[in-house]
Amino acid sequence: MRPPRVQFITKIFNFHTNINRHGDVGLDSIHYNWSLALTISKVLISLQSLLTNPYCNVRMEPAIGRLYRNNKIELHACGLGSMRGITLSC
């Protein structure tokens, strides 16, 4: 059995260090450590944790990860601008 495919289809999460611009999620338990013992509820808990506390050591979007580490105010401004369709130099 293969791991589930987890992908965001809304643009709201296209500005996260662990989610790439196509909506694919960088979650170790899905890509590298999958086992049948991991239920969908456990995958969703892991996803919730990742959204709350981004993992910046391994990033799908390096520029966003750098902003998260170094300038969270600019990160939030860029993320809000991105959701509103405003292009900022982030």
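Scan (1) out of contact with any Phe, Trp or Tyr (no Cβ under 7 Å at 6 or more places or on another chain); (2) at pLDDT 85 or above for the single condition Arg21 breaks and write down its number.
Checking Arg21 against (1) out of contact with any Phe, Trp or Tyr (no Cβ under 7 Å at 6 or more places or on another chain); (2) at pLDDT 85 or above, the one that fails is (2).
For Ala77, indicate whether it is modelled with pLDDT of 80 or more and farther than 18 Å from Arg21 by Cβ. Outline the logic, then answer.
Values: modelled with pLDDT of 80 or more: no; farther than 18 Å from Arg21 by Cβ: yes.
It is false that Ala77 is modelled with pLDDT of 80 or more and farther than 18 Å from Arg21 by Cβ.
Taking into account only those residues within the stretch 24-52 that are assigned to a loop (DSSP other than H, G, I, E, B) and out of contact with any Ser or Thr (no Cβ under 8 Å at 6 or more places or on another chain), which is surrounded by the most Cβ atoms within 10 Å (Cβ to Cβ)? Working first, answer last.
The initial filter retains those residues of the stretch 24-52 that are assigned to a loop (DSSP other than H, G, I, E, B), namely 26-27, 32-39.
Now drop any that are not out of contact with any Ser or Thr (no Cβ under 8 Å at 6 or more places or on another chain), which leaves 26, 32-37, 39.
Numbers: Gly26: 19, Tyr32: 8, Asn33: 10, Trp34: 16, Ser35: 8, Leu36: 7, Ala37: 6, Thr39: 9.
Once the filter is applied, the top-ranked residue is Gly26.
Within the stretch 13-22, which residues are part of a loop (DSSP other than H, G, I, E, B) and within 19 Å of Leu67 (Cα to Cα)? Write out each step before concluding.
To start, the set of residues in the stretch 13-22 that are part of a loop (DSSP other than H, G, I, E, B) comprises 14-15, 17-18, 20-22.
Listed by number, the residues that qualify are Asn14, Phe15, Thr17, Asn18, Asn20, Arg21.
Please tell me if Thr52 is at pLDDT 85 or above and of a type in the set (Ser, Thr, Tyr). It would help to see each step written out before you state the result.
Working: at pLDDT 85 or above: yes; of a type in the set (Ser, Thr, Tyr): yes.
Criteria met by Thr52.
Exactly one condition in (1) under 14 Å from His16 (Cβ atoms); (2) part of a helix (DSSP H, G or I); (3) at pLDDT below 85 is not met by Arg59; state its number.
Arg59 satisfies every listed condition except (2).
The values are calculated or read from the model by the stated rules, or taken from the named source; none is laboratory data. The model shown is predicted, which means the values in this text are computed figures rather than measured ones. Virtual Cβ from ideal backbone geometry, glycine too; neighbours counted across all protein chains shown.
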